[in-house]
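Since every read-out is calculated from the coordinates, none of them should be taken as a lab result. In this text the structure is predicted, and so the values were computed from the model without any measurement. Backbone-built Cβ (ideal geometry, glycine too); neighbour counts: all protein chains shown.
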Number of protein chains: 2
Amino acid sequence: MGFEQAWLSYQKRETCGVVKNIDRIYASLQNPVIRSGAEELQAAFAGIIGNEPVLYADSEYEPGEGTIRLLVKEGLKAEGYHLFEEKGEITVEAPDANGILYGVFELIRHLQLGKNLNGKDITKEPVMPLRMLNHWDNMDGSIERGYSGNSFFFEDNQILVNDRIVTYARLLASAGINATVINNVNVKDSATWLITDRYFEDLSRFSQILGDYGIKLFLSLNYAAPMELGELNSADPLDEKVKSWWKHKMEEVFRAVPNLGGFLIKADSEGRPGPFTYNRTHADGANMLAEAVEPYGGLIIWRCFVYNCRQDWRDRKTDRARSGYDNFIGLDGSFRDNVILQIKNGPMDFQVREPVHPLFGGLTRTNQMLEVQIAQEYTGQQRHVCYLIPMFKEVLAFRTYVKETDDTVADIVSGKTFQQTRCGMAAVANTGNDDNWTGHDLAAANLYGFGRLAFEPELTAEEIAAEWITLTYGTDETVKEELLFILMNSWPAYEKYTAPLGIGWMVNPNYHYGPNVDGYEYDRWGTYHRADHQGIGVDRSHSGTGYAALYREPNARIYNAPETCPEELLLFFHHMPYNYKLRSGKTILQYIYDTHFEGVELVDEMVSRFEKLKGKLPDQVYERAMERFLHQKKHSREWRDQINTYFYRKTGIPDDRGRTIY
Amino acid sequence: MGFEQAWLSYQKRETCGVVKNIDRIYASLQNPVIRSGAEELQAAFAGIIGNEPVLYADSEYEPGEGTIRLLVKEGLKAEGYHLFEEKGEITVEAPDANGILYGVFELIRHLQLGKNLNGKDITKEPVMPLRMLNHWDNMDGSIERGYSGNSFFFEDNQILVNDRIVTYARLLASAGINATVINNVNVKDSATWLITDRYFEDLSRFSQILGDYGIKLFLSLNYAAPMELGELNSADPLDEKVKSWWKHKMEEVFRAVPNLGGFLIKADSEGRPGPFTYNRTHADGANMLAEAVEPYGGLIIWRCFVYNCRQDWRDRKTDRARSGYDNFIGLDGSFRDNVILQIKNGPMDFQVREPVHPLFGGLTRTNQMLEVQIAQEYTGQQRHVCYLIPMFKEVLAFRTYVKETDDTVADIVSGKTFQQTRCGMAAVANTGNDDNWTGHDLAAANLYGFGRLAFEPELTAEEIAAEWITLTYGTDETVKEELLFILMNSWPAYEKYTAPLGIGWMVNPNYHYGPNVDGYEYDRWGTYHRADHQGIGVDRSHSGTGYAALYREPNARIYNAPETCPEELLLFFHHMPYNYKLRSGKTILQYIYDTHFEGVELVDEMVSRFEKLKGKLPDQVYERAMERFLHQKKHSREWRDQINTYFYRKTGIPDDRGRTIY
């Protein structure tokens, strides 16, 4: 397997301003992160401009035209940078090495985008303290919910340490990502042994590479490790032997593996072990681990994805949407300082449309991290194009009303609302060992976009997309225009031709791909649409499961009534008759028919726009993506026809425009 | 893994008549099959009566009381026997060794059943010439559609030759089975190599064991073997090189493996290779192989399970039910004498209810074999009890009207209709390496019953069940009564609580277990119910796919009209409104509700009857079966509730008795 450079392919570009004459870079080269930045600059200048500046130690610094200086200097928030040009000299000032590196990549972006640097003066500070990827890679090389090949971290239960990891680290750093969890949250088999000397040597070389690009290594932990590693017969977090085991283990791990940030834990969820086994709380479990990693500055990131996955479909009282909230709200304030709760964007599971998770705004005394998924598990699995940054923007902008101001999800997870520093945003990654990293070439926009968004949430989705397009494919205006159209319409299109009005699911069980309206309807996962002859939707208002009341006012009130509920979430919150009139005057049924036809039309337009790019994109990119577009064309029709047919057969009411439904 | 003796556990029984004094058996012991019979008699007498007779060569024969004589003598049809008692001497006369063996087992059955032999005079000839099992065992040890453990033929790509195979052969022979295909019809990987010297040595020892019990070994063939075994680049049946390859191969195989009966082939079906690749017909393909095995008296058994498994669910013209007929009817009369077409009982795939396959009665110049499935793929997978002999009886009794008399399926496959000798009945086997052979203890009744039915189709399903119960569990009357009730009600119960009125499917795709009404509705397999708000069923009348017209009159006319169509097949042949009144006066919808409640009630009764047998059955039998009964109780409710809920939600019409539907 080869691998490409994605948005870091430094190709000759027309650039403006001072940059042509740069021939000297001064930096504290003994710092490995700063050295990475300096070398990245060399490579970028060599590729984009055609001349490679020489590196000098900062102690040799002499001011003058044609100079870049990377200078550590107090003043800004951690990882921030100040990039400015004055008299032909470019300076990147930052309070730490990471800040230098991010300033360097800002500078390189200017080169790639052909932006003038003359007189520029840019100050940036990352908004989210933690900007993290979660890889669900297994040590046998498979990836849970992986749609772009196998793992490039693991193969045959070994850790791979090679050039690809260096490029991986460069890609992450360039997008502003500063942390990564490399193994699946479902920790089994060999992965349990990552915290033993079986893997320390490789892990430590691996971690060093990440560290050179300012990226902290995190691992997913098996909560049952004290038992599975063979020494104890309990994992009870209040058992002194268990506590002591973890303390010794953590001492051992942190000593052996440099640049380790901490651990991610999925406990008591979907069959994983956890503190519930011992009648302990999640706080007991998390705090026990947090205490053990505290001496090393380690973090414990604890997932809130806990629900009853053995529900009876006949039971209309239990509501999976409530479970994350119900399991954790009572623990608010009882977690140690170095614990972060990681909360999915919605209460279900990465559907194309969900309300924001009610724990955001619910918790007020707990470190929180937002978990999104750029692996397109439920959004087309990187065979359909689905640019997700617009969805993440909506989530971040959601007002929780936890305070009068600074109350959005972005405010909370950036630490602004509660003056926290252990918080941020994590994305379940979409990478694999495909040459292009992400299967669908356009899916790389989600990887790049996630990092940029976490660093600068005020960027618009269009800005990020446009930036990614030019970095990756150059400055051709047609390429930019058509790809921008495709990316910006892709999530709306996917929402239109799949499950309607926030109801979600309607996919094939297990692998989560392709339409299956009743696929989860009689199953044990708590994911129902309750469609009958007259109506559809789940009553989560006060007359139903009461879920709507978990939000702060006025959200609770708004969600509680169909008249005020945002229509895109109508069926998530309410069971509605098909003939209910939406604000447009259309019935729900006609809306379903219309959006499903529209979704397919949008796909057709996306494909014909993409066809215009033949010859303007590298051939292999065009062909790889076109193959997927043709599949999407066909598969979106499958969605349209199955969904429309399902409702037509159930209601007997035809489309008012007489289009074919089967 | 241990294994039990099933219906051959020779335990002390009260018997009547002459049998107690038997102390000498005379037989041609140099014939291995007759020796098997004689030794079986020894074992049976030792176990059941308590004294073991001594074996003598037939040349030493002297008449007298206390003697059994096994005598080969012409007169009867092949494999027939004449068993009689005269003056305290028992004689088994038969035209061949197999006949002797079957006569011996008839005699042993008398011992086990406690039946008087005084003055008995029984003549039997097997009705079906071929009485065959088809095992879908893979060489890695797995079994396709296997529900009772792994293969006891294969493990890690090796053939197992051991005691279990001997017991397997004894069980088959005792039920009258005279042929078996030991490897899966989907021949892949190592199984392709079964016809190479990699396996000849083991295969030949294995075959010898079967041969000692009068059972011919058959193998499933990979049609692409000439290519996959690495020598040719084609498998075109008209290519001289291919023909010659097969001729040499068959010479080699028949020379190396004794007791080989021939081959079973699944070609051009569900992704398997076949003659279609070369624009040749199935006759071309089958005849080419038939010519190659002809010098060795070999048979080619060619499966008719050929259909388009990439259908578009939107397409209402293509009808999978037609495909077997359409693919083969034009070839009638063009197959060589040593080819047999193996035809499934119904046109779909072993559903709980199907019409009889229209090729029966369609073909008039072709050897035919009926394929049934005792592996309960679609009938509860040996976790639900489902005694299938009543279904097979109905199939055998079906009048095809191909002639005025002797026109039933039984007449055709016994060779009576067209004076054929290469015909019979095959069952896809339900065995595995579980101790009790069949997972569910009661599923063994299907294995035993299949053999008995193929030998003597005039036996009733009750007679066979009663026989099996006593052979297996002894003469306790409660055991007999309750198990007979359970067995005889099991197929009706399963039909009641699963897919109604012949429509079939409604199961989870792939593994075919558990309810999923729309599971196959939008898939590519040609298996649809077409349920909408008003009605359900597939129109296969003249106004639909025309399938009904494939039958001879009066069947075609009867199936073509809803008024005359047998109601249990109504939705197979017609799309009907839910409010259509059945002959009982009930609407279809109410019939669905009622039968689903009744089916569960029947299961409850079966379980409470089984509970009475605690202490009367061996403990491990009771416990194994009870565990499955408890699952069936729960799972039949899942079926009931999902099916009823599906139709209630689709129609909005409640149960007229007000029972709970969700």
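Quick notes on this structure:
- Relative to the current alpha-carbon distance between B:Ile122 and B:His533, full extension at 0.36 nm per residue lengthens the span by 142.0 nm.
- Net charge of Cβ neighbours under 11 Å - reference B:Ile301; Lys, Arg +1; Asp, Glu -1: +2
- Rg to Rh, two decimals, where segment A:259-341 supplies the alpha carbon set and Rh follows Kirkwood: 1.03
- Take each residue in A:532-541, count the other chain C-beta atoms within 10 Å of its C-beta, and the mean is 2.
- Sparsely packed loop sites in segment A:1-73 (the GluC sites (Glu not before Pro) outside DSSP H, G, I, E and B with at most 11 other Cβ atoms within 10 Å) comprise A:Glu14.
- Label geometry 7 Å along the beta-carbon vector: A:Glu568 inter-copy distances in nm: 5.5
- For B:Lys416, a cut-off of 12 angstrom between C-alpha atoms picks up these aspartates and glutamates, skipping any fewer than 8 places away in its own chain: B:Asp406, B:Asp407.
- Computing FRET efficiency as 1/(1 + (r/R0)^6) for A:Tyr580 and A:Ala397, where r is the C-beta to C-beta distance and R0 is 41 Å, gives about 0.90.
- Pairwise label distance in nanometres, A:Ala561 with A:Gln208, each label 7 Å out on the Cα-Cβ vector: 6.5 nm
- Centroid-to-centroid separation of segment B:611-662 and segment A:504-571 [C-alpha atoms, Å]: 29 Å
- Label point 7 Å beyond Cα along the C-beta direction, distances from A:Gln419 to other copies (nm, shortest first): 10.6
- Taking a ≥ b ≥ c as the square roots of the eigenvalues of the alpha carbon gyration tensor, chain A is oblate, as a/c is not under 1.5 and a/b does not beat b/c.
- Residue pairs exceeding 20 angstrom between C-alpha atoms, taken from B:Lys20/B:Lys616; A:Lys20/A:Lys87; A:Lys496/A:Lys586; A:Lys650/B:Lys633: B:Lys20/B:Lys616; A:Lys650/B:Lys633.
- Over chain B, relative contact order from alpha-carbon pairs under 8 Å, at least 6 apart, %: 12 percent
- Of the residues B:Glu521, B:Glu481, A:Glu228, A:Glu477, the one with the fewest other Cβ atoms within 10 Å heads the list, and the complete ranking is A:Glu477, B:Glu481, A:Glu228, B:Glu521.
- Mean residue ellipticity at 222 nm, helices only, chain B: -11000 deg cm²/dmol; runs of at least 4 DSSP H residues each add -39,500 (n - 2.57), and the sum is divided by the number of residues.
- Cβ neighbours within 10 Å from other chains - mean over A:514-524: 4
- Cross-link pairs beyond the 19 Å C-alpha cut-off, checked among B:Lys12/B:Lys115; A:Lys393/A:Lys634; B:Lys480/B:Lys614; B:Lys73/B:Lys115; B:Lys344/B:Lys393: A:Lys393/A:Lys634; B:Lys73/B:Lys115
- Ranking of B:Arg540, A:Arg13 by count of other Cβ atoms within 10 Å, fewest first: A:Arg13, B:Arg540
- Each of B:Leu453, B:Leu194 has some number of other Cβ atoms within 10 Å of its Cβ, and from fewest to most they run B:Leu194, B:Leu453.
- Candidates per trypsin sites (Lys or Arg not before Pro) in segment A:553-590, loop by DSSP, up to 13 other Cβ within 10 Å: A:Arg583
- Virtual paramagnetic centre 7 Å along Cα→Cβ of A:Glu568, amide N under 15 Å, in segment A:457-474: A:461-462
- A DSSP coil position with no more than 11 other Cβ atoms inside 10 Å describes the following trypsin sites (Lys or Arg not before Pro) in segment A:591-646: A:Lys614.
- Cβ-based net charge around A:Gly141, under 10 Å, with every Lys or Arg adding one and every Asp or Glu removing one: -4
- Gyration tensor verdict on segment A:130-461 (Cα atoms; rounded if a/c is under 1.5, prolate if a/b is larger than b/c, oblate otherwise): rounded
- Bridge orientation summary for chain B: considering DSSP beta bridges with both residues in this region, about 25 percent are antiparallel.
- The other copies place their B:Arg310 label points at 4.3 nm from this one, listed shortest first, where each point is 7 Å from Cα along Cα→Cβ.
- Global form of segment A:6-124, assessed from the alpha-carbon gyration tensor, a/c cut-off 1.5: rounded
- Treating r as the C-beta distance of B:Lys12 and B:Glu456 and R0 as 41 Å, the FRET efficiency rounds to 0.90.
- Partner aspartates and glutamates for A:Lys403 [C-alpha distance under 17 Å; skip if fewer than 8 residues away on the same chain]: A:Asp332, A:Asp411, A:Glu553
- Neighbours of B:Glu481 by Cβ distance under 12 Å: Lys/Arg scored +1, Asp/Glu scored -1, total 0.
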